[in-house]
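Step one of this worksheet: look at the structure below.
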Amino acid sequence: MFDTVVVATDGSESVTRAIDVALDLAARFDADVHALSVIDAGEVDASPAQLREELTAALETHAESALATVRNRAGPGITTAVREGRPAPEICEYAREHDADLIVTGTRGRHGENRLLLGSVAERVVRTSPVPVLSVRQLEAVREGDRAEA
């Protein structure tokens with residue numbers, strides 16, 4: 001059913017479960033996994049001109065670190081990529097270029113923690129993707145007091 005699964009990561013805590021779900025689905029269907037991290041060009045463009053080069057380098061390092069986390073979980077057979085641009089269109093374009101069957105994304109990223117339902121990138125990917133999108137919510141940690149009541 002799935003031959004190629006793309007998991008989008010920005011390195012945020014909320015994408016951790018999405019990575020696990022993507023890897024599990026890929027293992028069940030013997031699918032190839034592509035992990036993609038997008039450097040937000042809007043974030044760079046909004047910064048002062050004298051800081052853009054330094055910010056881009058920092059964001060590239062952060063993106064590579066996010067992809068390393070996926071590689072550590074997935075093993076050597078994973079394909080990784082870093083792109084620069086607007087995240088949602090870049091994720092969708094990557095999926096098109098690689099004939100993906102599914103995009104997996106977290107519901108909230110680095111800039112979407114205050115969003116009610118979906119982060120803005122996840123929402124745009126869901127609305128514009130050429131393939132099905134699985135948005136994975138990060139579960140809240142169960143507190144000790146909650147366990148006692150359950």
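The values are calculated or read from the model by the stated rules, or taken from the named source; none is laboratory data. What you are looking at is a predicted structure, and each value in this text was computed from that prediction instead of being measured. We place every Cβ from the backbone using ideal geometry, glycine too, and count neighbours over all the protein chains shown. For the accessible areas, the whole protein counts, side chains as well, though only heavy atoms, and no ligand, DNA or RNA atoms are used. Shrake-Rupley method; radii C 1.70, N 1.55, O 1.52, S 1.80 Å.
Would you check which residues across the stretch 35-69 are among the polar types (S, T, N, Q) and either touching a Gly at 6+ places or on another chain (Cβ under 8 Å) or within 28 Å of Val21 (Cα to Cα) (or both) and list them?
Within the stretch 35-69, the first condition is being among the polar types (S, T, N, Q), and the residues that meet it are 37, 47, 50, 56, 61, 65, 69.
Scanning the stretch 35-69 gives Ser37, Thr61, Ser65, Thr69.
So, in the stretch 42-70, of the ones that are of a type in the set (D, E, K, R) and surrounded by 13 or more Cβ atoms within 10 Å (Cβ to Cβ), which residue ends up nearest to the chain's Cα centre (by Cα)? By that ranking, first place goes to Glu64.
One residue alone among Val15, Val21, Val38 is open to solvent by less than 50 Å² (accessible area, probe 1.4 Å), over 16 Å from Pro132 (Cα atoms), assigned to a helix (DSSP H, G or I) and not acidic (Asp, Glu), and that residue is Val15. When Arg52 is tested against (1) touching a residue at least 12 places away in the same chain (Cβ under 8 Å); (2) in a helix (DSSP H, G or I); (3) in contact with a helix residue (DSSP H, G or I) (Cβ under 6 Å, 6 or more places away or on another chain), just one condition goes unmet, and that condition is (1).
For (1) of a type outside the set (D, E, K, R); (2) within 22 Å of Arg137 (Cα to Cα), each residue gets a yes or a no:
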{"position": "Val5", "(1), (2)": "yes, yes"}
{"position": "Gly11", "(1), (2)": "yes, yes"}
{"position": "Thr16", "(1), (2)": "yes, yes"}
{"position": "Ala49", "(1), (2)": "yes, no"}
{"position": "Arg73", "(1), (2)": "no, yes"}
{"position": "Arg83", "(1), (2)": "no, no"}
{"position": "Thr105", "(1), (2)": "yes, yes"}
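The one condition from (1) at pLDDT 85 or above; (2) crowded, with 20+ Cβ neighbours inside 10 Å; (3) closer than 21 Å to Asp20 by Cα; (4) not small (Gly, Ala, Ser) that Glu90 does not meet is (3).
Only residues that are touching an Asp or Glu at 6+ places or on another chain (Cβ under 8 Å) and under 12 Å from Leu134 (Cβ atoms) were counted across the stretch 1-12, and they come to 2.
The rows are residues; the columns are (1) modelled with pLDDT of 95 or more; (2) open to solvent by 70 Å² or more (accessible area, probe 1.4 Å); (3) of a type outside the set (Ser, Thr, Tyr); (4) more than 12 Å from the chain's Cα centre (by Cα).
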{"site": "Ala74", "(1), (2), (3), (4)": "no, no, yes, yes"}
{"site": "Ala81", "(1), (2), (3), (4)": "yes, no, yes, no"}
{"site": "Ile103", "(1), (2), (3), (4)": "yes, no, yes, no"}
{"site": "Leu116", "(1), (2), (3), (4)": "no, yes, yes, yes"}
{"site": "Leu139", "(1), (2), (3), (4)": "no, yes, yes, yes"}
